[in-house]
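Asks: Questions regarding the structure given below will be posed in turn.
The values are calculated or read from the model by the stated rules, or taken from the named source; none is laboratory data. On a predicted model such as this, the values are computed, not experimentally measured, just so you know. With ideal geometry, Cβ positions are generated from the backbone for all residues, glycine too; neighbour counts draw on all protein chains shown. Calculation scope for accessible area: heavy atoms of the full protein, side chains included, ligands and nucleic acids excluded. Shrake-Rupley method; radii C 1.70, N 1.55, O 1.52, S 1.80 Å.
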Amino acid sequence: MTFPERPAPQPTADDEPFGRSSAPPGSPGDPLDRLALVGASWKWVLVSALATLVFGVLLLVWPDKSLRVVAVLIGLYLLAAGVFQFVAAFAGHPQAGERWSRLLVAVVYVVAGVLCLRGPELTITVLALIIGMVWLVSGMLGAYAAVADKTLAHRGLAFGMAVLGIVAGIVVLCLPIESAVALTRLLGLWLVLLGLAEAAAAFALRSSLRR
């Protein structure tokens, strides 16, 4: 889940699309500074929310798709989520520990996405195992980031969603899921809820940037 740092009293990412702005003095065009501006932009968080909602709705409206199609959709979502998590890791120049935890979340998403896309022989059990581990690991790292990073915007919401991710991961890992329909409905519902939470965070960030 993409939650940017609390905005600093500097030129905000709200001034130009996707956080484009001049680099800080002394480091013109620094890629990390530009990446930090993008990750701190409310528009970037909103794009992440919309992407999550789109994949969630797709999984909910096609309940009878084949397992291969399910694996491809899940793999594409995980790759996209990994990109958003990677950029968010640089938002607001967080401490090294918090940044590494977010980068690790991005790596987990990307690796899981590649596994889903490269495994046409995946069974429901293996796919559920991948999803459950992703939710569990990313939830634990997200909870750590929410507790450790006091500059994180909407810490309570971020921590609550991380806990829900941990619970969802445990449920998927412990409960036997025997059909693609059950798995896609569970994942689709979770992605819709996650997307709505991210959209709320994006508009809350927009309000805070304009104040």
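Asks: I'd like the full set of residues that are modelled with pLDDT of 85 or more and open to solvent by less than 40 Å² (accessible area, probe 1.4 Å), limited to region 195-211. Write out each step before concluding.
Replies: Applying the first criterion (modelled with pLDDT of 85 or more) to region 195-211 yields 195-196, 199.
Result: G195, A199.
Asks: If only one of R155, R118 is at pLDDT 80 or above and of a type in the set (K, R), which one is it?
Replies: Exactly one residue qualifies, and that residue is R118.
Asks: Which numbered condition in (1) open to solvent by 10 Å² or more (accessible area, probe 1.4 Å); (2) at pLDDT 90 or above; (3) of a type in the set (A, V, I, L, M, F, W, C) is the only one that V126 fails?
Replies: Against the list (1) open to solvent by 10 Å² or more (accessible area, probe 1.4 Å); (2) at pLDDT 90 or above; (3) of a type in the set (A, V, I, L, M, F, W, C), V126 comes up short only on (2).
Asks: Here is a follow-up. Residue check, V70 against (1) modelled with pLDDT under 85; (2) aliphatic (A, V, I, L, M); (3) open to solvent by 40 Å² or more (accessible area, probe 1.4 Å), all met but one. Which one?
Replies: Result: V70 fails condition (3) only.
Asks: Quick one: how many residues across region 159-211 are of a type in the set (D, E) and over 20 Å from M140 (Cβ atoms)?
Replies: Of the residues in region 159-211, 1 are of a type in the set (D, E) and over 20 Å from M140 (Cβ atoms).
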